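A short write-up of the structure that comes next.
The values are calculated or read from the model by the stated rules, or taken from the named source; none is laboratory data. Given the structure is predicted, the values throughout are model-derived calculations rather than measurements. When we count neighbours, we look across all protein chains shown, and the Cβ atoms used for this are built from the backbone with ideal geometry, even at glycine.
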Amino acid sequence: MAESTKNATLQLDGKSFDLPIFSPTVGPDVIDIRKLYANAGVFTYDPGFTSTAACDSTITFIDGDKGELLHRGYPIDQLAEKSHYLEVCYLLLYGDLPSAQALEDFENRVTNHTMLHEQMQYFFRGFRRDAHPMAIMVGVVGAMSAFYHDSTDITDAWQREVASIRLIAKMPTIAAWAYKYHTGQPFVYPRNDLDYASNFLRMCFSVPAEEYEVNPILSRAMDRIFTLHADHEQNASTSTVRLASSSGANPFACIAAGVACLWGPAHGGANQACLEMLREIGTPDRIPEFIDRAKDKNDPFRLMGFGHRVYKNFDPRAKVMKQSADEVLDLLGIENNPTLQVAKELEVAALADPYFTEKKLFPNVDFYSGIILEAMGFPTSMFTPIFALSRTVGWVSQWKEMIGDPQNKIGRPRQLYLGSTARDYTDIEKR
Ligand code: ACO
């Protein structure tokens, strides 16, 4: 925990209260209000946590005004260009880039945990075939606590480590099997001679009836999508994981809570919603109609893939994703993709409109990711599961950091109560 170097003073009812201020390594100062209620008898009010730091962390930093995202200090664009997903996983989990030997060891450990307990197949089979893959993932990830009892004791550092590796290793298998089950095809077992992204593609797209060659271009693009989604500091799903784990719940249950939160269209579900919106727009001539709808206060429609709680400038991941979309479509020989065309023209039209610029609404990571995933052959229902498997390392890293923090206590927000004051129960015949 940082040392306080200065104080803020709160004047309330003729009394003054000193509140320590902490300075982060980068970013705005933070006022410590932990003793506010004990000393002054008041709470703070901040629905949606727009101004509240709920923890300290050394993992990820976002400067929303600059459009900067750093993992352990390294800019996301450098990681997307020069690194790869498992190296970024190591960085997020352990704090530094690995040596060649440490990376090899880590990759071996992950690879050796990619299979699921055989019994878990029957768990998948309990779902309806038309279940959304995210529904299956919420259930199966939660069910891991019923299969891997030897890594649920959160007080044991070794068990925490094993649970972390298991989650990162098994999530692609779970996501791919949710997809296979949904499409009615047989489950494809992981193969340990393939890299993380190639293995995932193979588990999704190969069938026993024929050989499947992983396209290295698609594998690289897949790996980049994983990398760009790996962590994003205290977003809704990560905060959900932290809140769930603050009670001492086991890691699989906590990550299942993160998957559930991610599903919503305001968060990870935006990639599916965005592609569906781009398809609905269909042709560039319909863009003005949808922009008008997004601006209309009486219409609940929002431009999906646009806007972000923290970024008030370009989401740096969106820049890489846009470039990647161009590259992938080009390399796959897909010319004049109508959805990409609509996306590009929609971006230009929105950024020329004062409504979006004045509210600082820019494309986020999900604006272009769906176009790449669709070109790879994924249905829209798989977009959010792919986000979930990518983000697992972020959830796990934040969870490990939290459990290892001596200040960790159960999360328990307060409220501004506006309900009835105490009143006597009225017997039913008198109501
Ligand atoms: N289209 C139209 N208007 C928007 C949009 C949008 N996509 N996003 C925000 N606005 C408007 C709001 O109506 C609001 O206007 P007002 O001040 O006149 O009331 C203003 O911009 C601020 O929006 P808030 O909802 O208050 O901002 P918040 O930080 O709470 O929400 C969010 C951020 C949820 C991402 C929002 O921008 C949104 O719904 N975007 C579309 C969904 C999306 O793409 N989500 C993915 C986020 S990134 C991720 O999770 C990977």
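Name the residues in region 388-413 that are of a type in the set (Lys, Arg) and surrounded by 11 or more Cβ atoms within 10 Å (Cβ to Cβ), would you?
391, 400 - these are the residues of region 388-413 that are of a type in the set (Lys, Arg) and surrounded by 11 or more Cβ atoms within 10 Å (Cβ to Cβ).
Answer with yes or no whether residue 237 is crowded, with 21+ Cβ neighbours inside 10 Å, more than 12 Å from the ligand (Cβ to nearest atom), modelled with pLDDT of 95 or more and assigned to a helix (DSSP H, G or I).
Answer is no for this residue.
Do we have any residue at all in region 67-74 that's assigned to a helix (DSSP H, G or I), in contact with a helix residue (DSSP H, G or I) (Cβ under 6 Å, 6 or more places away or on another chain), within 24 Å of residue 388 (Cβ to Cβ) and of a type outside the set (Val, Ile, Thr)?
no
Determine if region 197-212 includes at least one residue that is in a helix (DSSP H, G or I), surrounded by fewer than 20 Cβ atoms within 10 Å (Cβ to Cβ), touching a residue at least 60 places away in the same chain (Cβ under 8 Å) and at negative phi.
So far as region 197-212 goes, yes, one or more of its residues are in a helix (DSSP H, G or I), surrounded by fewer than 20 Cβ atoms within 10 Å (Cβ to Cβ), touching a residue at least 60 places away in the same chain (Cβ under 8 Å) and at negative phi.
Please state which one of 18, 32, 46, 63 is within 22 Å of residue 242 (Cβ to Cβ), surrounded by fewer than 16 Cβ atoms within 10 Å (Cβ to Cβ) and without any contact (Cβ under 8 Å) to a residue 60 or more places away in the chain.
Just one listed residue meets the conditions, 46.
Restricting to region 83-104, what's the tally of residues that are of a type in the set (Ser, Thr, Tyr) and either over 19 Å from residue 233 (Cβ atoms) or at pLDDT below 95 (or both)?
Going through region 83-104 one residue at a time, the tally reaches 1.
With region 251-354 as the region, which helices (runs of 4 or more DSSP H) entirely inside it contain at least 3 residues that are more than 10 Å from the ligand (Cβ to nearest atom) and without any contact (Cβ under 8 Å) to a residue 40 or more places away in the chain?
Numbers: elements: 251-262, 270-281, 287-295, 316-331, 338-351.
Of the helices (runs of 4 or more DSSP H) lying wholly inside region 251-354, those with at least 3 residues that are more than 10 Å from the ligand (Cβ to nearest atom) and without any contact (Cβ under 8 Å) to a residue 40 or more places away in the chain span 316-331, 338-351.
Please pick out the residue among 375, 349 that is surrounded by fewer than 24 Cβ atoms within 10 Å (Cβ to Cβ) and either among the polar types (S, T, N, Q) or at pLDDT below 90 (or both).
The unique qualifying residue is 375.
Failed condition for residue 424, given (1) within 27 Å of residue 144 (Cα to Cα); (2) of a type in the set (Asp, Glu); (3) modelled with pLDDT of 95 or more; (4) assigned to a loop (DSSP other than H, G, I, E, B), with all others met?
Condition not satisfied by residue 424: (1).
Does any residue of region 2-21 turn out to be modelled with pLDDT of 95 or more, touching a strand residue (DSSP E or B) at 6+ places or on another chain (Cβ under 7 Å), in a strand (DSSP E or B) and closer than 23 Å to residue 417 by Cα?
Checked region 2-21: at least one residue is modelled with pLDDT of 95 or more, touching a strand residue (DSSP E or B) at 6+ places or on another chain (Cβ under 7 Å), in a strand (DSSP E or B) and closer than 23 Å to residue 417 by Cα.
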